[in-house]
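*Asks:* Input: one structure, supplied below.
The values are calculated or read from the model by the stated rules, or taken from the named source; none is laboratory data. Since this is a predicted model, take the numbers as computed values, not measurements. Please note: Cβ atoms are built from the backbone with ideal geometry, for glycine as well, and neighbour counts cover all protein chains shown. Side chains are part of the model used for accessible areas, which takes the heavy atoms of the whole protein and leaves out ligands, DNA and RNA. Shrake-Rupley method; radii C 1.70, N 1.55, O 1.52, S 1.80 Å.
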Amino acid sequence: MQRVALVTGCSSGVGLYTAVHLAKQGMRVFASMRDLTKAAALTNAAHAAGVNVELVRLDVQHEEQVEAAVSDILALAGRLDVLVNNAGVGMLRAMEEMSEAEIKQVFDVNYFGVVRCIRAVLPTMRAAKSGHIVSVSSVGGLVGQPLNEVYCGAKFALEGMIESLATYMEPFFNIKFTIIEPAGIKSEFVNNAMGGGFKAAASATGDYAPVYKAYTDAIAARGSFETLAQTSEQVAEIIVAGIVNPGPELRIQTSAVAKAFAAEKLSGDPDGTSLQRKVRIGTLGLKG
Ligand SMILES: NC(=O)c1ccc[n+]([C@@H]2O[C@H](COP(=O)([O-])OP(=O)(O)OC[C@H]3O[C@@H](n4cnc5c(N)ncnc54)[C@H](OP(=O)(O)O)[C@@H]3O)[C@@H](O)[C@H]2O)c1
């Protein structure tokens, strides 16, 4: 039986390549994006790879669009085996300098967007007693970083939710959860996160000026993002490998840089399996 996947945020970057590589693995892929006029990059990449992906309009900020997308997929394919929560947005700025609307936007995409998609797919996955939900977090979902407090807060919230769901969804409903933790990725994301709002804040004089200067100086001193960061396709290949051959781990750091960054926080339990076993035994009386 051909497995069916839904991927969010496929207009560019990791989502685009995840959709294409899942299709290369023989899966039926519904590649979603909020603005279908941006579909050319995806359809060109799919064409170049010799695969087909089916386009779906899905803005993770709109519950009715999420539900309509999932019910359309079920009507067309009759099943949904894999959800990849990839859509995300960054906004690098001191929290005090952000508007409440901007702060809510970061949480709405990175946290509530994932909540909406998971709630939409759970009924069918629970009924099938089978499913895999993969959510793209970040090393910023584990380790707080300067001027990134709002994004890290949203990704921490995402990780807390997934970690909690994973304690009982797999043992009771056979639905597996995986958290993906990349470090830097060469995609539109960084340009967007460090766009107009960041540039204006970084060039302003004021109490935060030394923080922005220290931050931008450190970026320059660290060396080229081009050499340190992964490509979107490299991250996508790791995501797809974790879907095709799922292991027991809860967390996958996608690179040596990501592993090193997270190491101190995770040193006792790098992939989350040990703590998950302890929580399942201690709170649910399961064998592990
Ligand atoms: N790039 C990095 O350095 C980095 C590092 C760690 C983790 N991540 C995470 O990796 C994931 C993928 O990011 P990327 O690097 O591939 O960046 P990207 O190229 O900017 O892709 C982000 C995708 O999310 C989509 N998106 C944004 N808001 C959306 C919404 N409301 N509904 C549906 N889709 C929406 C974007 O669509 P539009 O084109 O319509 O905006 C785009 O397709 C994100 O979750 C991000 O947090 C990125």
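*Asks:* Residues in the range 113-158 that are part of a helix (DSSP H, G or I) and either closer than 30 Å to ALA77 by Cα or aromatic (Phe, Trp, Tyr) (or both): how many?
*Replies:* Let us first name the residues in the range 113-158 that are part of a helix (DSSP H, G or I), namely 113-128, 139-141, 149-158.
Now narrow it down to the ones that are either closer than 30 Å to ALA77 by Cα or aromatic (Phe, Trp, Tyr) (or both): 113-128, 151, 156, 158.
Residues meeting the conditions: 19.
*Asks:* Right, something else. Which of the residues spanning the range 120-176 are touching a strand residue (DSSP E or B) at 6+ places or on another chain (Cβ under 9 Å), open to solvent by less than 60 Å² (accessible area, probe 1.4 Å) and among the polar types (S, T, N, Q)?
*Replies:* THR124, SER130, SER135, SER137, SER138
*Asks:* Assuming ASP271 fulfils every condition listed in (1) open to solvent by 30 Å² or more (accessible area, probe 1.4 Å); (2) within 16 Å of the ligand (Cβ to nearest atom); (3) under 26 Å from MET125 (Cβ atoms) apart from one, which condition is it?
*Replies:* Status for ASP271: all satisfied but (2).
*Asks:* Quick check on the range 101-121. Is at least one of its residues on the phi < 0 side of the Ramachandran plot and more than 16 Å from the ligand (Cβ to nearest atom)? First the steps, then the outcome.
*Replies:* In the first step, residues of the range 101-121 are kept if they are on the phi < 0 side of the Ramachandran plot; the result is 101-121.
Filter once more, keeping what is more than 16 Å from the ligand (Cβ to nearest atom): none.
Within the range 101-121, none of the residues are on the phi < 0 side of the Ramachandran plot and more than 16 Å from the ligand (Cβ to nearest atom).
*Asks:* Still on this structure: Among the residues of the range 216-252 satisfying the criterion of being crowded, with 17+ Cβ neighbours inside 10 Å and away from the ligand (no atom under 15 Å from the Cβ), which is nearest to VAL29 (Cα to Cα)?
*Replies:* ILE243
*Asks:* It is to be established whether one or more residues within the range 169-191 are under 16 Å from the mean Cα position of the chain (by Cα), within 14 Å of the ligand (Cβ to nearest atom), assigned to a helix (DSSP H, G or I) and not acidic (Asp, Glu).
*Replies:* As a first pass, look at the range 169-191 and keep what is under 16 Å from the mean Cα position of the chain (by Cα): 176-190.
With within 14 Å of the ligand (Cβ to nearest atom) added as a condition, the list becomes 178-190.
Narrowing the set further to residues that are assigned to a helix (DSSP H, G or I) leaves 188-190.
Of the ones still in play, those that are also not acidic (Asp, Glu) are 189-190.
There is at least one residue in the range 169-191 that is under 16 Å from the mean Cα position of the chain (by Cα), within 14 Å of the ligand (Cβ to nearest atom), assigned to a helix (DSSP H, G or I) and not acidic (Asp, Glu).
*Asks:* I've got another one for you. Here is a check on your reading of the model: is ALA94 away from the ligand (no atom under 15 Å from the Cβ), under 24 Å from TYR215 (Cα atoms) and open to solvent by less than 40 Å² (accessible area, probe 1.4 Å)? Don't jump to the end; show me each part of the working.
*Replies:* Numbers: away from the ligand (no atom under 15 Å from the Cβ): yes; under 24 Å from TYR215 (Cα atoms): yes; open to solvent by less than 40 Å² (accessible area, probe 1.4 Å): yes.
Yes: the conditions hold for ALA94.
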